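Undergrad: I'd like to ask you about the structure that follows.
The values are calculated or read from the model by the stated rules, or taken from the named source; none is laboratory data. The shown structure was predicted, so the numbers you read here are calculated from the model rather than taken from an experiment. Methodologically, a virtual Cβ is constructed for each residue, glycine included, from the backbone with ideal geometry; neighbour enumeration extends over all protein chains shown. Each accessible area value is taken on the protein alone, full model and side chains, heavy atoms only, with ligands, DNA and RNA left out. Shrake-Rupley method; radii C 1.70, N 1.55, O 1.52, S 1.80 Å.
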Amino acid sequence: MLPTIFAVFAACFVLERLIPGWTLPRIRTWPLRVLLIHAGEPDALTWSGLYQPLRIAAKILGPERLHVDVRHPDQFAAEAQRHWHLVLLVADEAQAALRPAQMRKVADRCRSAQFWGGVGAGVLWLADCGALNGVRSALPWALYAEVDTAAEHAILIPNLYEMDGNRLTCCGGAASVDFALTLVEALFGAGVQA
């Protein structure tokens, strides 16, 4: 593999010297687009613990590498289809659940992202509408009593957060800080995470 890399480098070097003005083509990069669907209170620990580390990472990295946006569930369900790499439904345990029709729309829109899931009560709401069937999901311990028969098809586990395939879940509260920092480290390295 190393000889191949060296050969390609040498060929590009020679082309740059033999053909005036020839350079390697520019590769366009796109920022990682993260959407947080904010269904809770702005001062809730679940929300702040997730949003603040992601906001700071976006500030450090700049808009060309990380773009973090926030929508209310009504805005998200009604807006035109946009491309998001990661969508998370975020709500505190004490927050009232979304209406079933609204929740189905939000869950359907979440599925269009490459990676998606919930934090805090958002995990229970996604499980209740069947969006987490067969998926290992971290649920806040205080919400286990509220699990209904529809959510029983999700694999609820007592971890702080869980990543199963393209679904990400976090039990919320203070664990959302650790979850956000783990995401930042996994995507951009320990230097940004620190």
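Undergrad: I want the local charge near residue 140. Using Cβ-Cβ distances under 12 Å, sum +1 for each Lys or Arg and -1 for each Asp or Glu among the other residues.
TA: Values: positive: none; negative: 92, 93, 146.
Residues near residue 140 contribute -3 overall.
Undergrad: Enter the per residue convex hull volume of region 72-147, computed from alpha-carbon coordinates, in Å³ rounded to the nearest integer.
TA: Working: hull volume 6.5 nm³, N = 76.
For region 72-147, the hull spanned by Cα atoms encloses 86 Å³ per residue.
Undergrad: I would also like to ask the following. For the Cα atoms of the chain, what angle does the longest principal axis make with the long axis of helix 100-110, in degrees from 0 to 90, nearest 10?
TA: 10 degrees
Undergrad: With a cut-off of at most 14 other beta carbons within 10 Å, and DSSP calling the residue loop, which GluC sites (Glu not before Pro) in region 55-118 qualify? Please list them.
TA: On the way: sites: 64, 79, 93; in loops: 64, 79, 93.
Taking region 55-118 and a limit of 14 other Cβ atoms within 10 Å, the loop GluC sites (Glu not before Pro) found are 64, 79.
Undergrad: Near residue 57, within a Cβ-to-Cβ distance under 11 Å, what is the net charge of the other residues, with Lys and Arg +1 and Asp and Glu -1?
TA: Values: positive: 55, 59, 65; negative: 185.
Around residue 57, the charge tally is +2.
Undergrad: Pulled fully out, how much extra length does the chain show between residue 4 and residue 188, if you take 0.36 nm times their separation in residues and subtract their Cα-Cα distance? Mind showing how you got there, number by number?
TA: Numbers: separation 184, 0.36 × 184 = 66.24 nm, distance 2.77 nm.
Difference between extended and current length: 63.5 nm.
Undergrad: Now for a different question. In whole Å, how far is the Cα centre of region 123-144 from that of region 37-115?
TA: 17 Å
Undergrad: Evaluate the distance, in nm, between pseudo-label points positioned 7 Å from the Cα of residue 133 and of residue 64 along their respective Cα→Cβ axes.
TA: Placing both labels 7 Å beyond Cα along the Cβ direction yields 4.5 nm.
Undergrad: With a 1.4 Å probe and all protein chains kept in place, how much accessible area does residue 105 have, in Å² rounded to the nearest 10?
TA: Approximately 120 Å² for this residue.
Undergrad: Still on this structure, please answer the following. Could you state the accessible area per residue of the chain in Å², with a 1.4 Å probe and every protein chain left in place?
TA: Details: 10610 Å² over 194 residues.
With the other protein chains kept in place, the chain gives 55 Å² per residue.
Undergrad: So how much slack lies between residue 80 and residue 147, counting 0.36 nm per residue of separation and subtracting their Cα-Cα distance, in nm?
TA: Numbers: separation 67, 0.36 × 67 = 24.12 nm, distance 3.19 nm.
So the chain would gain 20.9 nm between residue 80 and residue 147.
Undergrad: Report, in degrees rounded to the nearest 10, the 0 to 90 angle that the Cα long axis of helix 45-61 makes with the longest principal axis of the chain.
TA: 10 degrees
Undergrad: Just grab the label-to-label distance for residue 72 and residue 108, each label 7 Å out from Cα along the Cβ direction, in nm (one decimal).
TA: It is 2.1 nm.
Undergrad: Rounded to a whole number, what is D in µm²/s for region 54-102 from Stokes-Einstein with the Kirkwood radius over alpha-carbon pairs (25 °C, 0.890 mPa s)? Intermediate results must be reported in sequence, preceding the final value.
TA: Numbers: Rh = 13.1 Å.
D, rounded to a whole number, is 187 µm²/s.
Undergrad: A further question follows. Between the helical axis of 175-188 and the dominant principal axis of the chain, each derived from Cα atoms, what acute angle in degrees is found, rounded to the nearest 10?
TA: 20 degrees
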